[in-house]
Amino acid sequence: MKILHITESFGGGVTSAINSYILNSQQHEHYLLASVRKGDTTGEESQGLFKHMELVPRRLSSLARVKPYIDRVQPDVIHLHSTYAGALIRALPFIPAQKIVYTPHGFAFLRGDHPMMLKAYRAIESLLARRTAVIAGCGMDEQRIAGELIEPGHTLGLVNVCDELPKVPTVRSLTSKPVVGMVGRIGRQKGHEYFRVVAESCRDIAHFKWIGGGDARAMAELEHAGIEVTGWRPRAEVIAHMQGLDLYFHTAAWDGFPISVLEAAKLDLPIALRRIGPFVAEGLVTAQDVDDARKTVIAFAKADASVLADLRRNCSSIRSLHSGEQLQSSLEDLYSRFTPRPTADRLAIG
C-alpha cells in the first residue's frame, strides 16, 4: 500500500513521530511531502525510510505542489500531520476525503488563546472532520477529543513511541544542584512561562535548563531568570543534554503525547508533568498548578521518598504503554481500513 505523509511542520517532535510510524509499518511504501519550519531541524529529517520525499518552502504558494505530487505517487492513503496541514489539505477539493487520515499532534483549539479564537478553531475542525476518513490521534486523549468531532468509529489512537537513542557522551551543567530540564520550542505551547515561574521560585535548590530554542525575546526572558538555554541542537546533542538531567519536567500547556517525554522515559529519568489531557488520560501523576509544581521540585531536591516514587512510576508507566508492539498493532488497524489500488493502476514515481 502507498501512504503519502503531508505536513507543514516537519521538524521537532513531528519528525520523530512520523519516522516512528514508518519504522513500525515497513510493509507499506511511504512517501513524504513536507516543509520544514525554520530553526526546527533536528538532524532526523533525512532519516525516515521513505520511498521518496519532497521538501518544499513553507509558504502558501507551495500548495501548488500538492496535486502534481499526488498525481505522481497515486497514494492509497493520504496521512496528514499537524493542525495546519490538516486544515489546508482537507480544504482542497481535489483531495479525496475517503483517503484522508489526520493526526493533529495537538489540536489547535486546546491552545491558550482568546475564547473566540478557540471556538473558531474547533468549528473549523468540526467542519473539516466531514472531509476525513479517520482521525488518528496521538494517544488516548487525542482520540477521545477526535470522537467529539467525528463518529467515534472513525477514530483511532496511535501511541507515540521512542526509537533507539543515539549513544552519545553526556553533557552536564556546571552546577552542584539537581538539574531540572524541559525540551522543546520556547513558546506558549510548551509552557515556557510556567517553567520560568517554577524556576524562579526554586532557584535556591535546583538548576533549571531549557533544551531548545525559539523566539529571541522569550529566550532572553528565560536566561534573565537564571535558566540555562541551549538553543536548537541536533537530536544527538539534545539526548546528550537530557542524559545530564536529574529530573525531566514537561510543562506544555497543550500537546499530543510529546516525544521528549518518551525520550526521558527511555533514559530512565524521573518525570514530572504539568496537568494536561494526554497525561491525565494515562493515569500519570501530574502537577495541578504552578504551586504544586514548585512543591514537587522542592520535594524532589530534598529526596522525598513518596514524590520520588511517583516520578519514577510515571517513567515506568510511560515505558510500558508506549511500546513498538502497541504502535505496530495500531498502525496495522489504521491502514487496513483502506483498500490498495491494483498494481496495474499505479503510476511509478520518477
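In the set Leu149, Leu174, which member is in a loop (DSSP other than H, G, I, E, B), free of Cβ contacts under 8 Å to residues at least 24 places away in the same chain and of a type in the set (A, V, I, L, M, F, W, C)?
On inspection, the qualifying residue turns out to be Leu174.
Picking from residues in the range 45-73 that are within 20 Å of the chain's Cα centre (by Cα) and loosely packed, with under 12 Cβ neighbours inside 10 Å, the one that is modelled with the lowest pLDDT is Ser46. Could we say that Asp76 is surrounded by fewer than 19 Cβ atoms within 10 Å (Cβ to Cβ) and under 28 Å from Gln326 (Cβ atoms) here? Taking the combined requirement at face value, the residue satisfies it. Within the range 290-314, residues that are without any contact (Cβ under 8 Å) to a residue 12 or more places away in the chain and not assigned by TED's automatic domain parsing to the domain that holds Leu262 reach no partner that is part of a helix (DSSP H, G or I) and surrounded by fewer than 16 Cβ atoms within 10 Å (Cβ to Cβ) with beta carbons closer than 6 Å at six or more positions or on different chains. Gly181 falls short on exactly one of the conditions (1) surrounded by 19 or more Cβ atoms within 10 Å (Cβ to Cβ); (2) in a loop (DSSP other than H, G, I, E, B); (3) of a type in the set (Gly, Ala, Ser), and that condition is (2).
The set of residues in the range 7-32 that are of a type in the set (Gly, Ala, Ser) and either closer than 21 Å to Gly213 by Cα or touching a helix residue (DSSP H, G or I) at 6+ places or on another chain (Cβ under 6 Å) (or both) comprises Ser9, Gly11, Gly12, Gly13, Ser16, Ala17, Ser25. Considering Tyr194, Tyr121, the condition of being surrounded by fewer than 22 Cβ atoms within 10 Å (Cβ to Cβ) and assigned by TED's automatic domain parsing to the domain that holds Asp255 is satisfied by Tyr194 alone. Please work out if Glu142 is in contact with a His (Cβ under 9 Å, 6 or more places away or on another chain), surrounded by 13 or more Cβ atoms within 10 Å (Cβ to Cβ) and among the charged types (D, E, K, R). Answer is yes for this residue. The condition of being more than 22 Å from Ala281 (Cα to Cα) and over 16 Å from the mean Cα position of the chain (by Cα) does not hold for Ala146.
Remark: pairs (first residue in the range 83-108, charged (D, E, K, R); second residue buried (at least 16 other Cβ atoms within 10 Å of the Cβ); Cβ separation under 6 Å; 6+ apart in sequence or on different chains) = Arg90/Leu128; Arg90/Arg131; Lys99/Val77; Lys99/Ile78. Test Val238 against the stated conditions and say whether it is of a type in the set (A, V, I, L, M) and either outside the structural domain of Lys302 (by TED's automatic domain parsing) or surrounded by 22 or more Cβ atoms within 10 Å (Cβ to Cβ) (or both). Yes: the conditions hold for Val238.
The single residue among Gly226, Gly231 that is free of Cβ contacts under 8 Å to residues at least 24 places away in the same chain and either among the β-branched types (Val, Ile, Thr) or not assigned by TED's automatic domain parsing to the domain that holds Ala108 (or both) turns out to be Gly231.
Among the residues of the range 207-235, which ones are out of contact with any Ser or Thr (no Cβ under 9 Å at 6 or more places or on another chain) and of a type in the set (A, V, I, L, M, F, W, C)? Within the range 207-235, Phe208, Ala216, Ala218, Met219, Ala220, Leu222, Ala225, Ile227, Val229 meet the criteria. Ala236: outside any helix (DSSP H, G or I) and touching a Pro at 6+ places or on another chain (Cβ under 7 Å), yes or no? Criteria not met by Ala236.
Take the conditions at pLDDT below 95 and under 20 Å from Leu88 (Cβ atoms) and apply them to Ala136. Does it pass? In short, no. Being outside any loop (DSSP other than H, G, I, E, B) and touching a Pro at 6+ places or on another chain (Cβ under 6 Å) is the filter here; which residues of the range 132-146 pass it? Once the filter is applied, which keeps residues that are outside any loop (DSSP other than H, G, I, E, B) and touching a Pro at 6+ places or on another chain (Cβ under 6 Å), the range 132-146 yields only Asp141.
For the range 244-260, the count of residues that are at pLDDT below 95 and among the aliphatic types (A, V, I, L, M) is at least one.
The values are calculated or read from the model by the stated rules, or taken from the named source; none is laboratory data. Values in this document were obtained by computation on a predicted structure and should not be read as measured data. Ideal geometry is used to build each Cβ from the backbone, glycine not excepted, and the neighbour counts take in all protein chains shown.
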